[in-house]
1. Let me confirm something: among R366, R273, R349, which residue is under 19 Å from the mean Cα position of the chain (by Cα) and assigned to a helix (DSSP H, G or I)?
2. Based on what the data block shows, is T18 surrounded by fewer than 17 Cβ atoms within 10 Å (Cβ to Cβ), assigned by TED's automatic domain parsing to the domain that holds Y112, of a type outside the set (F, W, Y) and assigned to a loop (DSSP other than H, G, I, E, B)?
3. Looking only at segment 310-327, how many residues end up being closer than 23 Å to A372 by Cα, under 24 Å from the mean Cα position of the chain (by Cα) and buried (at least 17 other Cβ atoms within 10 Å of the Cβ)?
4. For segment 32-48, indicate whether the set of residues that are at pLDDT 95 or above, within 14 Å of Y127 (Cβ to Cβ) and in contact with a helix residue (DSSP H, G or I) (Cβ under 9 Å, 6 or more places away or on another chain) is non-empty.
5. For segment 369-383, what are the residues that are surrounded by 15 or more Cβ atoms within 10 Å (Cβ to Cβ) and part of a loop (DSSP other than H, G, I, E, B)?
6. Which pairs turn up if I take residues in segment 304-323 that are free of Cβ contacts under 8 Å to residues at least 12 places away in the same chain and look for partners that are part of a loop (DSSP other than H, G, I, E, B) with beta carbon separation below 8 Å, at least 6 apart in sequence or on another chain?
7. Select from segment 94-114 the residues that are at pLDDT 95 or above and aliphatic (A, V, I, L, M) and write down the one among them that is farthest from A177 (Cα to Cα).
8. Would you check which residues across segment 415-467 are under 15 Å from the mean Cα position of the chain (by Cα) and hydrophobic (A, V, I, L, M, F, W, C) and list them?
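The values are calculated or read from the model by the stated rules, or taken from the named source; none is laboratory data. The structure displayed is predicted, hence computed values, not measured ones. Here Cβ is always computed from backbone atoms with ideal geometry, including for glycine, and neighbour counts include all displayed protein chains.
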Amino acid sequence: MKIDWQKEIRKRKDNLLTDLEEMLRIESVRDESSATKEAPFGSGPRKALDKFLQIASEDGFTTLNVDGFAGHIEYGTGQETLGILAHVDVMPAGAGWETAPFEPVIKNGRLYARGASDDKGPSMAAYYGLKLLKELGLPVHKRVRFILGTDEESQWRCVKHYFTKMPKPDFGFSPDAAFPLINGEKGNVTYSIQFDNEKQIGKVVLLDFKAGMRENMVPREAVAHVSGIAFEKLEKVFTQFVAQNPIQGKVMQKDGIIKLVVIGKAAHAQEPRNGINAGTYLALFLSGLKLSGVAKNYVLFAAQCLHQDSRMDNFGIHFTDNVMGDLTMNAGIFEYDILQGGQIILNFRFPRGLKADSIKEALDKRAANFKAETKIAGKLQEPHYVSLDDPLVKTLLDVYEKQTGKEGYGVVVGGGTYARLMRRGVGFGAMFPDAPDTMHQANEFIPVEDLLTAAAIYAESIYRLIK
């Protein structure tokens, strides 16, 4: 039976977009302030999980919700299980959107919304690939478990809980990456540099400093409040600083307190060079003021050690693997308060051949010079790699080449996907090589044609892996 996968998917275009737009309207951002036993990461992620499982159930699939943490859609039977691991939670929208981030809209062939490319769009494309197999009644000899997480953008507690109740798939892919195929993912670890409070004794006082929303995003905006300096003087030097750097900025005064705002560019932490870190730029400016105590140490550490140093050159630990690439560092969150002290949360993506302990040792040594200490602040994931000779990899790349007419190859990335939870797991789409990467950024989108092509690729790939 010869199947035109692209043609079959396009017959289902309207339904795919309708289901996807329903998902995109759900603001499934982690909010543990509203967490309950039934919604461990807040009402948004739980609502998105319920909706996806409802769509699949109405399509005739067997579904399971595992305690509100995660769920799965099941199809077929057999001794081996193909896992498709996706997620329904999204990053905070942030500022800078030209459309409402949770009201999907198609403009110039692009579907705009938070989650369009990470990961609701790719998830729905993969689901429709599976749905197509079911609707065509194709014979299969393995089981498929399409697993949906709700905490991927944070600590992966969703799938960790899921796998305490359910077995891991034998092999599979995550539609939360890029084509042609990602067969290697760097290790991932997060540390916090903590500054104990120490009284400021000078005239110029830093009252607070904030930047960033997540450790795995380059901060787009940074805000600080200072006192003890003439507004006209500070306004002049700040305006000059902004003009000399690739940032935007605002300065204003109210009741003797001066507010400084720096706007940079958000980006995914896997490659900090794609962004402009508003936090380190603001720290660089503040380091030129006559601050004292913990405030001085805080801004000097950020300015001297972190600014424009995504490869840890300032820490003496620059490391590169010839397959997996560079160690990278992202300064994702800045929090300082005159009463509490401060912290800076750093996210690292490290290749094989380097241990997380070596990163911490380098941080400890440098932080000590600024009266700060290093603490673990998030999940530790070791590097993950699947050989290009693996039959899974060969099959997926063959389908990609067949359907696109383009060369298939494997790459290693700094981003982490659920694929690493399977010994034979890879990242597979849905972003194409020539598509702009807007994940974790304002005005996130996925081209509609890319979405449909991806769905067709997923359909044939799933069929060939389980037939």
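1. Among R366, R273, R349, only R273 is under 19 Å from the mean Cα position of the chain (by Cα) and assigned to a helix (DSSP H, G or I).
2. no
3. Residues that pass the stated criteria total 4.
4. yes
5. Scanning segment 369-383 gives K371, A377, G378, P383.
6. Once the first residue is free of Cβ contacts under 8 Å to residues at least 12 places away in the same chain and sits in segment 304-323, its partners that are part of a loop (DSSP other than H, G, I, E, B) give H318/R311; H318/M312; H318/L327.
7. A100
8. Answer for segment 415-467, where residues must be under 15 Å from the mean Cα position of the chain (by Cα) and hydrophobic (A, V, I, L, M, F, W, C): A419, A430, M431, M439, A442, F445.
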